[in-house]
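Please read the structure below before turning to the comments.
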Amino acid sequence: MGRWQPNARGRLEQAALELYGERGFESTTVAEIAERAGLTERTFFRHFADKREVLFGGAGQLDELLRSAVAAAPDGTTPTQAVAAGLDAVAAVLTERRDFARRRQPIIAANAELRERELIKLASWAVVLADALRERGVDPSTATLAGEVGIAVFRIAFQRWVDDPEATDLSEGIRTSLGDLRTLAADDR
């Protein structure tokens, strides 16, 4: 493959996932990723800051998507409903990249540094959700709780979604997890 062929980013992503799966994240170098993709290391660094970014790229766009979906929720929407709207927006993007998500998850699970990075990403999403709720006029404590709980719901739904080959709709999984939360909260009364 020549270096001027289209979709260099996609080819690098595919090569990285293959190598991470075959050899492990730690044992894979940027040079090997670039070579497998038929590209140069320089091209790799045009698309990714480092080899972790193959797994975590696009975080800023997802942050903005969460924020804007919460902001766009209709007036009178409860904090939980607004959080669900934000998570549904992210779910739509992730659903389009299900194969990537399913291949990415075991790579992250096998590496402590990547698990930490994933937790940091999710914590930042909780902050984004809480900030967006505060901008809607939600009490700060309630906004923080709703953001944190929303991310817990997302984590459960996401794990179910990547683990279950029959599950196709992440949004449905989020709704199921929210229902489970409601049942759990009602049981504690």
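Considering only DSSP states other than H, G, I, E and B, which GluC sites (Glu not before Pro) in segment 111-189 qualify as loop sites with at most 12 other Cβ atoms within 10 Å? Write down the numbers at each step before the final one.
Values: sites: E113, E116, E118, E135, E148, E166, E172; in loops: E166.
Those that pass, being in a loop and sparsely packed, are E166.
Shown for L129, L114, L119: other C-beta atoms within 10 Å of each C-beta, ranked fewest to most, produce the order L119, L114, L129.
Mind putting a number on the dipole of segment 8-54 about its Cα centre? Charges go on the C-beta only, +1 for Lys and Arg and -1 for Asp and Glu, and I need it in Debye to the nearest 20. Walk me through the numbers before you get to the answer.
Details: 8 positive and 9 negative charges, 40 e Å.
Charge dipole, segment 8-54, about its Cα centre: 200 debye, nearest 20.
Residues of segment 121-164 falling in the label zone of D75, defined by backbone nitrogen less than 17 Å from a point 7 Å along Cα to beta-carbon, are 135-138. Pair-distance distribution P(r) for the chain, from all Cα-Cα distances in 5 Å bins starting at 0: 1, 8, 15, 17, 17, 14, 11, 8, 5, 3, 1, 0, 0 percent.
Here the spin labels are modelled as points 7 Å beyond Cα on the Cα-Cβ line, and at R23 and A152 they lie 4.1 nm apart.
How big, in percent, is the set of alpha carbon pairs in segment 50-128 lying more than 17 Å apart?
Details: 1576 of 3081 pairs.
Summing the P(r) of segment 50-128 above 17 Å gives 51 percent of all pairs.
Ranked by how many other Cβ atoms sit within 10 Å of their own Cβ, fewest first, the residues T78, T144 fall in the order T78, T144.
Here, each number is a calculation from the coordinates, and none is a lab measurement. If you're wondering where the values come from, they're calculated on a predicted model, not measured in any experiment. Heads up, the Cβs are rebuilt from the backbone with ideal geometry, glycines too, and the neighbour counts pull from every protein chain shown.
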